[in-house]
Amino acid sequence: MNELKSMTLPELTEALRAMGEPAFRGKQVFTWLHKGIQSYDEMGNVPKGLREKLARTYSFAVPKAARKQVSRLDGTVKYLWELADGNCVESVLMRYRHGNTVCVSTQVGCRMGCAFCASTVAGKVRDLTPAEILDQVLFTQLDSGETVSNIVLMGIGEPLDNLDAVLRFLELVNHPDGLNIGMRHISLSTCGLVPGIRRLGEAGLQLTLSVSLHAPDSETRSQIMPVNRAYDVEELFDACRDYFQKTGRRISFEYAMIDGVNDHDWQADLIAQKLRGMPGHVNLIPLNDVAESPLKPSKRLAVFQKRLESHGLTATVRRSLGGDIDASCGQLRRKAMEEAQKGEDSQ
Ligand code: SAH
């Protein structure tokens, strides 16, 4: 059964027209869905007969907040959503002075295998549907009672490994009759799937592309990010350069600082060399300690930042939010999975 909330407005209008409904009905139903209704019964101005017909023809689910943790340090809220099939994904609501940002997941688990990331430890279970990505924004907004102005696709999963659903989600969330969140308020982060970067470039969207670089040399990058063995840094930088040329959008390079692995001065110099002629921004991230990983946080963030700046690059150090609530990607889901496992073991 097709998901009603994954349909675009033209698709919905066409499907309703095929059921003999007037043209305005599509917009009516679309608007209700994007308000975050819990059931068909809430569609007040839609005839009961049609609501029943829709319920018979399309699936319609609402995620359940299985857990919610609020940081005492900065008010960051982390949600663990239980989906219709019992799988769980995380979203994080971050409150900044310039507005509220929600970080959404795009897959249940991840198959990219980055050595430092908690989301990938148990592999990928399945892709999320466009509706399931959208629901994370809708229901975070409804639960918190606060308007969400920015979205980052930086939660569990690799967005470019689920690109069809992600493109559809972007169309939905951007729609004036839906949440109407502008592309310039959306960031998408990728570990570097080159064909996906190229496809996204073709789409010419005005969102911000973040590339998880984490090492400028293939030897180091292949050690910590298996994706580099398929698409190495040279191919990655080529795709980034083309992306900039197509979209005119400056790329943000994410760089989690790992002790003794990617925090050497020569690596800062190499980043500068590779980024020559391409307006980019380097975002240094303090590595979050992941229990399953032997990699440790670097203490050289400030030195590395200065070194990048000495080459004329803009480099920032990401402020860490929600440190007390397992707010980094995949950590809460891992914990819930482990606890469920322990529960089963002790029975
Ligand atoms: N798959 C996408 C988006 C999800 S991860 C990607 O790889 O970009 C979001 C960001 O968190 C990525 O930059 C990722 O490399 C980073 N990340 C993952 N684990 C981390 C950790 N333990 N400490 C710091 N950053 C981490």
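The values are calculated or read from the model by the stated rules, or taken from the named source; none is laboratory data. Predicted model, so just to flag it, every value in this text is computed and none were measured. All Cβ positions, even for glycine, are placed from backbone atoms using ideal geometry, and neighbour counts span all protein chains on display. Note: accessible area is taken over every heavy atom of the protein model, side chains too, but ligands, DNA and RNA are not part of it. Shrake-Rupley method; radii C 1.70, N 1.55, O 1.52, S 1.80 Å.
Can you find a residue in region 247-264 that is open to solvent by 30 Å² or more (accessible area, probe 1.4 Å), within 16 Å of the ligand (Cβ to nearest atom), touching a helix residue (DSSP H, G or I) at 6+ places or on another chain (Cβ under 9 Å) and not hydrophobic (A, V, I, L, M, F, W, C)?
Looking through region 247-264, none of the residues is open to solvent by 30 Å² or more (accessible area, probe 1.4 Å), within 16 Å of the ligand (Cβ to nearest atom), touching a helix residue (DSSP H, G or I) at 6+ places or on another chain (Cβ under 9 Å) and not hydrophobic (A, V, I, L, M, F, W, C).
Might you check whether a residue that is part of a strand (DSSP E or B) and open to solvent by less than 10 Å² (accessible area, probe 1.4 Å) occurs anywhere in region 46-53?
no
Yes or no: region 242-251 includes at least one residue that is assigned to a loop (DSSP other than H, G, I, E, B), under 30 Å from Gln206 (Cβ atoms), in contact with a strand residue (DSSP E or B) (Cβ under 9 Å, 6 or more places away or on another chain) and not hydrophobic (A, V, I, L, M, F, W, C).
Scanning region 242-251 turns up at least one residue that is assigned to a loop (DSSP other than H, G, I, E, B), under 30 Å from Gln206 (Cβ atoms), in contact with a strand residue (DSSP E or B) (Cβ under 9 Å, 6 or more places away or on another chain) and not hydrophobic (A, V, I, L, M, F, W, C).
Among what's in region 1-59 and is in contact with a Leu (Cβ under 7 Å, 6 or more places away or on another chain) and of a type in the set (A, V, I, L, M), pick the residue that is nearest to Phe139 (Cα to Cα).
Leu33
Within region 108-123, can you find the residues that are away from the ligand (no atom under 11 Å from the Cβ) and over 15 Å from the mean Cα position of the chain (by Cα)?
Ala122, Gly123, listed by residue number.
Does Tyr58 count as within 30 Å of Gly109 (Cβ to Cβ) and either open to solvent by less than 40 Å² (accessible area, probe 1.4 Å) or over 21 Å from the mean Cα position of the chain (by Cα) (or both)?
When the stated conditions are applied, Tyr58 passes them.
Going by the conditions given, is Ser187 within 16 Å of the ligand (Cβ to nearest atom), touching a residue at least 60 places away in the same chain (Cβ under 8 Å) and either surrounded by fewer than 17 Cβ atoms within 10 Å (Cβ to Cβ) or assigned to a strand (DSSP E or B) (or both)?
Judged against the criteria, Ser187 is a match.
Go through region 25-42 and give me each residue that's modelled with pLDDT under 95 and more than 27 Å from the chain's Cα centre (by Cα).
Listed by number, the residues that qualify are Tyr40, Asp41.
Taking the criterion of being of a type in the set (Asp, Glu), in contact with a helix residue (DSSP H, G or I) (Cβ under 7 Å, 6 or more places away or on another chain), assigned to a strand (DSSP E or B) and open to solvent by 20 Å² or more (accessible area, probe 1.4 Å), would at least one residue in region 175-183 satisfy it?
No, region 175-183 contains no residue that is of a type in the set (Asp, Glu), in contact with a helix residue (DSSP H, G or I) (Cβ under 7 Å, 6 or more places away or on another chain), assigned to a strand (DSSP E or B) and open to solvent by 20 Å² or more (accessible area, probe 1.4 Å).
Search region 147-170 for residues being buried (at least 16 other Cβ atoms within 10 Å of the Cβ) and of a type in the set (D, E, K, R), and hand back the single one that is nearest to the ligand (Cβ to nearest atom).
If we take residues in region 147-170 being buried (at least 16 other Cβ atoms within 10 Å of the Cβ) and of a type in the set (D, E, K, R), then Glu158 is nearest to the ligand (Cβ to nearest atom).
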